[in-house]
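The values are calculated or read from the model by the stated rules, or taken from the named source; none is laboratory data. Everything numeric in this text was worked out from a predicted model, so none of it was measured. Every residue, glycine as well, gets a Cβ built from its backbone with ideal geometry; the counts of neighbours run over all protein chains shown.
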Amino acid sequence: MIQMNKSILLGLFLVFLSTFAFADVISSPLDFAMPIGILAIMGTILLAIISAGIGIIYYLYIRLIKRTNLTKEQKEKYKKSSKKIIKIIAIVFIGFFVLTFLWIILTPPHGGRPNPIASGLKSTAPSGIGTTQEFLMNPSDEISAEDFQNNTGLDVNSIFFCKSNNLGSTGEMLIISSANNISSVKSIATTKIKLNAKIICKQTNLDTNHTLGLANFSCPGIIEYCGDTQPCCAIVLQKPNN
Amino acid sequence: MELINLVLALALALVLTIIIELGVAFLLNHKSKEKILAVVGVNLITNPALNFLIQLNSQLSMIQLNFYSILVLEIMVTVIEFLILAVLFKKERKQMLLLAVAMNITSFVIGLILFQPRF
């Protein structure tokens, strides 16, 4: 029992240390990635609660075995097998959390989080139309075209954010700007906003407004700045249908 | 601040679930110390894991969360809780199955009424 407690404590300590380290590394360059750090800390807290639950179940199991009419040898046998089971459960849980964090961190973009917009851009550029999976924008989140240039191969002048008319009043909570020719969107909402995006890419900027069919969307800067010789992609933020 | 809110919300969900499920256990006449500890123990294992998965999904958009996917997760939780309870109370497996199903249906329905999630 003492040995098992030591191994669980050691595991918890390592997960705790590594998640804090990951949280620090990830949250530093981009505000957008901050929730991953929160997720890591939350995971560590939850892991501690789960360990407490496993401890209670183990204590109860031993207590119930003691009460049965089994012989001493049989009770010892049960205890040994239960230790093994508890160890396996603890390893599975710790492994699950560690692997989850590693997966988050090792999966691009944003140094970790698989991003529906980046995936959508990659599958749609240089020409085509697609819709991304749903994603959440947290209060004060800011997403910039720069966030996608490394992992999509697109130039910052090829990526522009737009707002769909179906956003309604939510649209007022999303501020799109194109400072220094770089398009970005910032949430000024106090709660999370659930969105998806229609991604429309064309080979060049020839008559962008017409070819992208953006007349009904608000796309600051796209006409003025979208590259003449490069693909032009509009990320139209919209409310998911469901 | 966001972390504190998140932890508080998860703690509230855990405490509410334990209170509701203990209430159901009492109603089904499982009032012994061992049963109470067992109900608390299984919930400490399953509830944080479930909420972590849901939170993780909202960050990574892995699967579309709707009524049916939540229901599948809830069924998985019920099965895990039943297995743990059945190992602990070998002679009362049928009652433990009934207990696990009743506890989780009640907490699921009360959760839907209280939080009215928009799927």
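Contact map, segment A:151-169: first residue touching a residue at least 60 places away in the same chain (Cβ under 8 Å) and surrounded by fewer than 23 Cβ atoms within 10 Å (Cβ to Cβ), second residue outside any strand (DSSP E or B) and of a type in the set (G, A, S), Cβ cut-off under 7 Å, separation 6 or more or different chains; pairs are A:D155/A:G227; A:N157/A:G227; A:K163/A:G171.
Taking the criterion of being on the phi < 0 side of the Ramachandran plot, exposed (fewer than 15 other Cβ atoms within 10 Å of the Cβ) and of a type in the set (S, T, N, Q), the residues of segment B:1-54 that qualify are B:N5, B:S32. Taking segment A:137-150 only, how many residues are touching a residue at least 40 places away in the same chain (Cβ under 8 Å) and exposed (fewer than 15 other Cβ atoms within 10 Å of the Cβ)? Final tally of qualifying residues: 3. Evaluated against (1) at pLDDT 75 or above; (2) surrounded by 18 or more Cβ atoms within 10 Å (Cβ to Cβ); (3) more than 16 Å from A:A145 (Cβ to Cβ), A:G112 falls short on exactly one condition, (1). Looking at A:I45, A:I36, A:I26, just one residue is at pLDDT below 80, in a helix (DSSP H, G or I) and either under 17 Å from B:N43 (Cα atoms) or touching a strand residue (DSSP E or B) at 6+ places or on another chain (Cβ under 7 Å) (or both), and that residue is A:I45. Taking the numbered list (1) part of a helix (DSSP H, G or I); (2) at pLDDT 85 or above in turn, B:K31 passes all entries but (1). The set of residues from segment B:67-96 being over 10 Å from the mean Cα position of the chain (by Cα) and among the acidic types (D, E) comprises just one member, B:E92.
Any residue at all in segment B:59-67 that's in contact with a helix residue (DSSP H, G or I) (Cβ under 8 Å, 6 or more places away or on another chain) and modelled with pLDDT of 85 or more?
No, there is no match, as no residue in segment B:59-67 is in contact with a helix residue (DSSP H, G or I) (Cβ under 8 Å, 6 or more places away or on another chain) and modelled with pLDDT of 85 or more.
Hey, does segment A:62-70 have a residue that's loosely packed, with under 13 Cβ neighbours inside 10 Å, in a helix (DSSP H, G or I) and either of a type in the set (S, T, N, Q) or away from chain B (no Cβ under 13 Å) (or both)?
No; the residues of segment A:62-70 include none that is loosely packed, with under 13 Cβ neighbours inside 10 Å, in a helix (DSSP H, G or I) and either of a type in the set (S, T, N, Q) or away from chain B (no Cβ under 13 Å) (or both).
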